[in-house]
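One structure is given below, encoded as structure tokens.
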Amino acid sequence: MECVFCKIIAGEIPSYRVYEDEGAYAFLDINPIARGHTLVISRAHASKVTELSAQEAAGVALALQKVVRGVERALGPEGLNIFVNQGEVAGQVVPHFHIHVVPRSRGDDVRFVTPTVELSEEEFRELSGAIARAI
């Protein structure tokens, strides 16, 4: 087993666990971008959300909800960023599905630079149709 997150779940690598159940495991990120930055990971090894079964994905979502409540109660942030980086090009460093929970406060200096793309009405129609048909 080479996956660092699988090793954390197995107890082979220590972590600052905040929650676990039969489908998910949550712990503090060791390279946090904010105080309380927490990762919620699937117990099942999968690099992408689409590799999880519906039951596994639902279990991670339920754990995420519990962890978010805990972070809010414990830290009282003004807001949160909740996100997934899927694939190396998107910034995924560990190829095991995980969700970031990042507590935020005004002036915390955390920045996400996200340029926008302009699309024509025709492009919006084409894209929405293509995605809807693929679902």
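The single condition among (1) under 16 Å from the mean Cα position of the chain (by Cα); (2) within 26 Å of ARG104 (Cα to Cα) that GLY23 does not meet is (2). Output the residues belonging to region 63-81 that are out of contact with any Gly (no Cβ under 6 Å at 6 or more places or on another chain) and either polar (S, T, N, Q) or surrounded by 13 or more Cβ atoms within 10 Å (Cβ to Cβ) (or both). Hits for region 63-81 are ALA63, LEU64, GLN65, LYS66, VAL67, VAL68, GLY70, GLU72, PRO77, LEU80, ASN81.
Quick grid of which residues meet (1) within 30 Å of ALA134 (Cβ to Cβ); (2) of a type in the set (A, V, I, L, M); (3) part of a helix (DSSP H, G or I):
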| residue | (1), (2), (3) |
| --- | --- |
| GLY36 | no, no, no |
| ILE82 | yes, yes, no |
| GLN86 | yes, no, no |
| HIS96 | yes, no, no |
| ASP108 | no, no, no |
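Residues satisfying the criterion are present in region 37-59 (criterion: more than 16 Å from the chain's Cα centre (by Cα), free of Cβ contacts under 8 Å to residues at least 12 places away in the same chain and farther than 27 Å from ARG104 by Cβ). For region 98-135, a residue qualifies if it is aliphatic (A, V, I, L, M) and either closer than 28 Å to ALA58 by Cβ or surrounded by 14 or more Cβ atoms within 10 Å (Cβ to Cβ) (or both), and the qualifying residues are ILE99, VAL101, VAL102, LEU127, ALA130, ILE131, ALA132, ALA134, ILE135. In the set (1) surrounded by fewer than 18 Cβ atoms within 10 Å (Cβ to Cβ); (2) in contact with a strand residue (DSSP E or B) (Cβ under 8 Å, 6 or more places away or on another chain); (3) touching a residue at least 60 places away in the same chain (Cβ under 8 Å), the condition left unmet by PRO95 is number (2).
Values quoted throughout were computed directly from the atomic coordinates according to the rules given, and no laboratory measurement underlies them. The structure displayed is predicted, hence computed values, not measured ones. For neighbour counting, all protein chains shown are included, and Cβ atoms are generated from backbone atoms with ideal geometry for every residue, glycine included.
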